[in-house]
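First up is the structure itself, then whatever we jot down about it.
The values are calculated or read from the model by the stated rules, or taken from the named source; none is laboratory data. For clarity, every value in this text was computed on a predicted model and none was experimentally measured. Backbone-built Cβ (ideal geometry, glycine too); neighbour counts: all protein chains shown.
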Amino acid sequence: MNVINCLPLITKNSFRNRRRSALTIGSLMVSLCLLVLLMAMYKVLFYGGEQTPAQAVRILMRHKVSLAQPLPLAYEGKIRQVPGVKAVSLRQWFGGTYRDARDTRNFFPRFGARPRDLFIAYPEYEIPEEQKQAFERERTGCVASKHLAEKFGWQPGERITLVGDIFPITLELKLVGIFDEPNKFDILFFNWDYLRDSLKAAGTFDLDFTSQYLVLADSPDNVSRVVKTIDDMFDNSPFPTKTESELAFVLSFVGFLGNLKLFLLAIGGAVTFTILLVSANTLSMSVRERIREVGVLKTLGFTPGTIFGILLGEGAMIAIIGGALGCAMAQGFCVMLRNAPIPIQQLKAMNVTPLIFAISLLIALLVGLISAMVPAAGAARRPILDSLRHTG
Amino acid sequence: MAIPIAYNLRNLVVRKTTTVMTAVGIGLTVAVLVADLALVEGLRTAFKATGHPLQLVVMRKGSNAELNSTVTLEAFQILKAEPRLAVNEAREPMASPETLTIVNLPSVDSPAGMNLTVRAMSQVGVEMRGAKIKQGRWFQSGQREIVVGKSVAKRYPNAQPGKLVRFGRGEWEVVGVFDAGESTFNGEIWGELNQIGADFNRQDTVSSVLVRATDAASLQGLKNSLNDDRRLGVEAMPEREYYELQTSSGAPLQIFGLLVAVIMAVGSSFAAMNTMYAAVARRAKEIGTLRVLGFSRGSILLSFLIESLLLALIGGVFGCLLALPINGVTTGIGSFATFSEIAFDFRVSPSGMLAGIIFALVVGVIGGLFPAGSAARKEILTALREI
C-alpha cells in the first residue's frame, strides 16, 4: 500500500487530538510568522524594496566623508556635462526642530529644494498643478507628503515653524501643497532660496553649498557609469564625493542600526531551531500514544515503510498548515506596518514576496519531515508483538 | 496539603526528552531577551561612564549635538577668563576647545565603511577626559598625527598604529591607541586642534568647548553665567547629561529585540502548554489516586503549575547560560546625533538575567495554567477509569 493512498488516514490522524494539533499549529504559526518577518526585513534592509522606474535612474551625490559635510554649488555645472546625465537638482538637509524635539513623532526629514526642478527629480510625486505653481511662486512655501500632512492634520495654508540647529535661523513656512508619495514616507520640502536669503539676512554665512545633489541618468544602464565618472572627477578635489544610486544610498544607513545582519541571522537560527523542537515534541508525544495502534496496522498488512511515510506525512501536514498561517499573519503585520509611525521608513516596504512565501513553506516542510524522522523510524521498526503488548 | 515538589521533579526526569525539548525552546526565547537587554545595558553603561560630573559641554545656543555647533574662538577667549574654571597642574584653565568631524573607514562589521568621530583637541582636553595611552604614544604638536580609541583599534583594520588614515587634506599617521575607561570616547579618533582645524578651514571657530568647574558648588553658577552671557551665544550642558541623552540611539534595536522575544514567547507558551497537557493526560490515573488519598483540587492545580514553572525555570537558566558568552563582546551602533558610530561592549547583567528568568516563569504560568486547571477539574472516578 503506498503512502499517497493513505492521505485520508494522515489527515484524520493529524487532527485526532484537536487541542494538541491546534497548539502545535499555533506555536509553529507564530514562530514562522516571525521568521517570515525577519526574512522580509532582511530583504528590505539589505537588498531594498522594489525599485520603481524613477528610482532606478536617480542618483544621490554627497560628500565622501559624510552627509554633514557640504558640496560646493559650483559642482552642478560640472555634473551637467557628464554624458548620460539628464537632469540635476539639489536638496539641503535642514535638521532643526518642529514643535517639541523630545517627542520623536515630531521628527521628519525636511529639505530645502528648488521648486522648479524638485518634481523633475521626483516624477513619482503627484501634486495638483496649481499647488505646484504656488510652491514655485511663494518664497516661504513648502510642500509635504500626504502621509506626513495626515499625521499632523495639516491643510494647505498651515503655518509650520522650524527652529534651526545646524543653521542658526528659524524658518516660518506656509504649506502650499500636498503631494502623493507612493512609499508613504514622511518628508517635507521648502524653498531653497528662502533658506539662502534667511541666512544672508541673519548675517551668518552665504549658502554656497548643498548637502546633496540629485542626479537623474538618462537610462538605468548608464547609472553605474555616471556614478563612476562623477566620483573620479572630484576624487582629488578638497570636496571628494560619494555618488550612488538612491537604493544604495538608502541601504547605506542600515549600518547605523548596528550589526543587524548578524542579529537577524542569529535570531532566525534560534527561531528555526525552536520550531524544530516544538514539532518534534508533538510528534513524539503523538507516536508514543499510538504504539499499539501501529502494531494493529502492521497486522493488517501495512509495511514499516508505509507506516514511516504516514508518520512523516503527519509531521509535514501540521508544519505546512502552521507555515501557511504564519505567512498570512506576517503579511497582516506588513500591511499594518505600512501605516504605522515607525522611525525607519524603509521598513514600510516590507512584504511577503512569493519567494519568501516559498522559502518559508519549504522550511516548514523540512521541519515537519525532520522532526518526524526519529519517532517515525522508531515506530516503524518496533516488532509487531512488542507493539501489541505495549500499554501506556 | 501540598504535593511534594520532588514528585514534579521526578516526573520531569522521567519524561526527559520532552522536558529537554520544551526547556530548550523556552531557553532560546530567554536568550534572545537576555541578549537584547545586554545590548541596552552595555550602551547605557558606556554613556554613564562618559563625562565628568563637574564638566560642561558648551555649544552654540539651539544646537543639540557638537557636530552641528560652532563656537567662535573669540567666545572661547572670553570663556577662558571665567573665574569658576578649575585649573590643572600647569595652572592652565581647564577649558578645551574642540572641533568635531567625521571620517568613514571600513570596519569588521561593515566593510563598506562606517563613520567615526574625529575629535580635534588640545592636551588639556585629553587630560580632562582622564584617558591613558595604551599602546604607542600621544599625538605631537605640529605633526599630522592621530591616536585612536581602543574600540576603534579593535574593530577597524585600517586604524592601527603605524597605518595612515586619509581625511581632510591628506594623510594622518596613527601613532597610538588610548584607553578611556568604559566611556564612548573609546570609539573616537583624537588629534591636535590646530592641525585638523586647518584642514577643514576652521581656524576661527570650533565645534564646542569642554569646561570644568572648580567644585560642585560653582558648577551651577558657571552654567548660568555662560548661558546668560549674550556675547557668547552659547548653551552649557552638563557633560553627563549630554551623553545620557544619546543612549536612545539603541532604541530601534532594543524595541526590535523585545518584539522578537515577545513573539517567540507566544510560540514557547503554546509549546509548554502542549507538553503540560500531555503530562496531565498521561497521569490521569495518578491524579485520581492523589485525589483518593485526600489531596484537594487546589493541591493538584498547584502541583501541575509548579511542574510547569520548574520546566520553564530550567529553560530560563539554560537561556541565560546561552546568552552569557556575548558578555564583553564589542559592537557598534550608529548615532544620529553624531552621525557616527558609538562603540560599546555587551553587558549581561544580573538584573538582565533575572528579567530573563522572570520572563521564562511567565511563559511557564501561561503554559501551565490551563492544563493544571483541567487536571484539577477531573472527577475522581473518571480519572481512575482512564488508561
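Tabulated results
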read-out	value
In region B:308-320, the residues that are under 14 Å from B:A38 (Cα atoms) and within 14 Å of another protein chain (Cβ to nearest Cβ)	B:G319
In region A:166-215, residue modelled with the lowest pLDDT [restricted to those that are over 17 Å from A:F111 (Cβ atoms) and under 29 Å from the mean Cα position of the chain (by Cα)]	A:K184
Single match in B:E239, B:E286, B:E244 (criterion: surrounded by 19 or more Cβ atoms within 10 Å (Cβ to Cβ) and not assigned by TED's automatic domain parsing to the domain that holds B:V103)	B:E239
Among the residues listed as A:I275, A:I310, A:I318, A:I291, the single one being of a type outside the set (S, T, Y) and away from every other protein chain (no Cβ under 14 Å)	A:I310
Residue that is surrounded by the most Cβ atoms within 10 Å (Cβ to Cβ), among those in region A:145-163 that are more than 31 Å from the chain's Cα centre (by Cα) and within 14 Å of chain B (Cβ to nearest Cβ)	A:V163
Unmet criterion (only one of (1) surrounded by fewer than 21 Cβ atoms within 10 Å (Cβ to Cβ); (2) modelled with pLDDT of 85 or more) for B:A337	(2)
Residue identified as touching a residue at least 60 places away in the same chain (Cβ under 8 Å), closer than 23 Å to A:S211 by Cβ and outside any loop (DSSP other than H, G, I, E, B) among A:I166, A:I160	A:I160
Region B:6-19 residues that are more than 12 Å from chain A (Cβ to nearest Cβ), paired with ones that are among the small types (G, A, S) and surrounded by 14 or more Cβ atoms within 10 Å (Cβ to Cβ) (beta carbon under 8 Å, 6 or more apart)	B:Y7/B:S303; B:N8/B:S303; B:N11/B:A279
Selection count where residues are surrounded by fewer than 18 Cβ atoms within 10 Å (Cβ to Cβ) and among the hydrophobic types (A, V, I, L, M, F, W, C), scope region A:135-144	0
Pick from region B:89-110, criterion facing another protein chain (nearest Cβ under 9 Å) and closer than 15 Å to B:E66 by Cα, ranking: surrounded by the fewest Cβ atoms within 10 Å (Cβ to Cβ)	B:I102
Test: A:L366 is part of a helix (DSSP H, G or I), free of Cβ contacts under 8 Å to residues at least 12 places away in the same chain and among the hydrophobic types (A, V, I, L, M, F, W, C)	yes
Every residue from region B:59-90 that is touching a Lys or Arg at 6+ places or on another chain (Cβ under 8 Å) and part of a loop (DSSP other than H, G, I, E, B)	B:S69, B:T70, B:A86
Residue ID - nearest to A:I267 (Cα to Cα), chosen from residues in region A:22-32 that are more than 7 Å from every other protein chain (Cβ to nearest Cβ) and buried (at least 24 other Cβ atoms within 10 Å of the Cβ)	A:L32
Subset of region A:374-392 that is away from chain B (no Cβ under 14 Å), assigned to a helix (DSSP H, G or I) and not small (G, A, S) - its residue that is surrounded by the most Cβ atoms within 10 Å (Cβ to Cβ)	A:L388
Test: residue in region B:347-362 that is of a type in the set (D, E, K, R) and surrounded by 23 or more Cβ atoms within 10 Å (Cβ to Cβ)	no
Unmet requirement for A:V36, which otherwise passes all of (1) away from chain B (no Cβ under 13 Å); (2) surrounded by 15 or more Cβ atoms within 10 Å (Cβ to Cβ); (3) within 24 Å of the chain's Cα centre (by Cα)	(1)
Checklist (1) aliphatic (A, V, I, L, M); (2) closer than 27 Å to B:M353 by Cβ; (3) out of contact with any Leu (no Cβ under 7 Å at 6 or more places or on another chain) applied to B:M59, failing item	(2)
Single residue of region B:40-58 satisfying the filter (within 12 Å of another protein chain (Cβ to nearest Cβ) and surrounded by 24 or more Cβ atoms within 10 Å (Cβ to Cβ)) that is nearest to A:G164 (Cα to Cα)	B:L43
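Matching residues to (1) of a type in the set (D, E, K, R); (2) closer than 24 Å to A:N339 by Cα:
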{"position": "A:R58", "(1), (2)": "yes, no"}
{"position": "A:V65", "(1), (2)": "no, no"}
{"position": "A:Q69", "(1), (2)": "no, no"}
{"position": "A:I79", "(1), (2)": "no, no"}
{"position": "A:K86", "(1), (2)": "yes, no"}
{"position": "A:F94", "(1), (2)": "no, no"}
{"position": "A:Y98", "(1), (2)": "no, yes"}
{"position": "A:F135", "(1), (2)": "no, no"}
{"position": "A:K146", "(1), (2)": "yes, yes"}
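For every residue, the table says whether it meets (1) farther than 13 Å from A:L188 by Cα; (2) among the polar types (S, T, N, Q).
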| site | (1), (2) |
| --- | --- |
| A:N106 | no, yes |
| A:R110 | no, no |
| A:L118 | no, no |
| A:E124 | yes, no |
| A:F152 | no, no |
